[in-house]
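*Asks:* Have a look at the structure that comes next, please.
The values are calculated or read from the model by the stated rules, or taken from the named source; none is laboratory data. Keep in mind that this is a model prediction, so the values were computed, not measured. Virtual Cβ from ideal backbone geometry, glycine too; neighbours counted across all protein chains shown. Keep in mind that these areas ignore ligands, DNA and RNA; they rest on the heavy atoms of the full protein, side chains included. Shrake-Rupley method; radii C 1.70, N 1.55, O 1.52, S 1.80 Å.
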Amino acid sequence: QVQLVESGGGLVQPGGSLTLSCAVSTSTVGIDAMGWYRQATGNQREWVADITSGGRSAYADSEKGRFTISRDNAKNTVYLQMNSLNPEDTAVYFCFADVRRILASGADRYWGQGTQVTVSS
């Protein structure tokens with residue numbers, strides 16, 4: 001059974017910072033990509049950032065320079081450091097993990113339950 005547990009969301013003022021965490025509980029052989037999506041009210045879920053098992057990261061254009069994704073492979077945890085937050089960043093943030101299959105090739109994507117980030121004065 002694979003579970004993703006997110007933490008770190010909350011209310012922050014414009015210009016502030018938050019760090020989200022997502023811990024993956026799994027006894028599988030490993031995790032490939034990990035990352036984050038977000039969904040604002042009335043909008044579709046959109047990709048924010050992801051990071052490979054080797055540490056290569058990628059970001060959506062609107063997050064470049066403000067957000068930093070990182071991971072601790074020993075802890076099966078991915079982080080999202082968010083700086084210079086603005087009201088447009090308000091959304092539910094979902095983490096994902098591509099967990100490798102044990103008895104077959106490939107990986108399956110699992111999702112966290114989501115954590116609310118609200119940027120408001």
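*Asks:* Based on what the data block shows, is V24 touching a residue at least 40 places away in the same chain (Cβ under 8 Å), in a strand (DSSP E or B), in contact with a helix residue (DSSP H, G or I) (Cβ under 7 Å, 6 or more places away or on another chain) and of a type outside the set (D, E)?
*Replies:* no
*Asks:* Which residues, taken from the range 37-65, are of a type in the set (A, V, I, L, M) and either out of contact with any strand residue (DSSP E or B) (no Cβ under 7 Å at 6 or more places or on another chain) or part of a loop (DSSP other than H, G, I, E, B) (or both)?
*Replies:* Of everything in the range 37-65, those that are of a type in the set (A, V, I, L, M) and either out of contact with any strand residue (DSSP E or B) (no Cβ under 7 Å at 6 or more places or on another chain) or part of a loop (DSSP other than H, G, I, E, B) (or both) turn out to be A40, A60.
*Asks:* Listed residues V99, V78, V48; which is touching a Phe, Trp or Tyr at 6+ places or on another chain (Cβ under 8 Å), open to solvent by less than 40 Å² (accessible area, probe 1.4 Å) and at pLDDT below 95?
*Replies:* Just a single option satisfies the conditions, and that option is V99.
*Asks:* Looking at D32 and the list (1) out of contact with any Ser or Thr (no Cβ under 8 Å at 6 or more places or on another chain); (2) closer than 15 Å to D72 by Cα, which single condition is not satisfied?
*Replies:* For D32, the failing item is (1).
*Asks:* Separate question: Is it the case that some residue within the range 95-106 is closer than 18 Å to G42 by Cα and not hydrophobic (A, V, I, L, M, F, W, C)?
*Replies:* no
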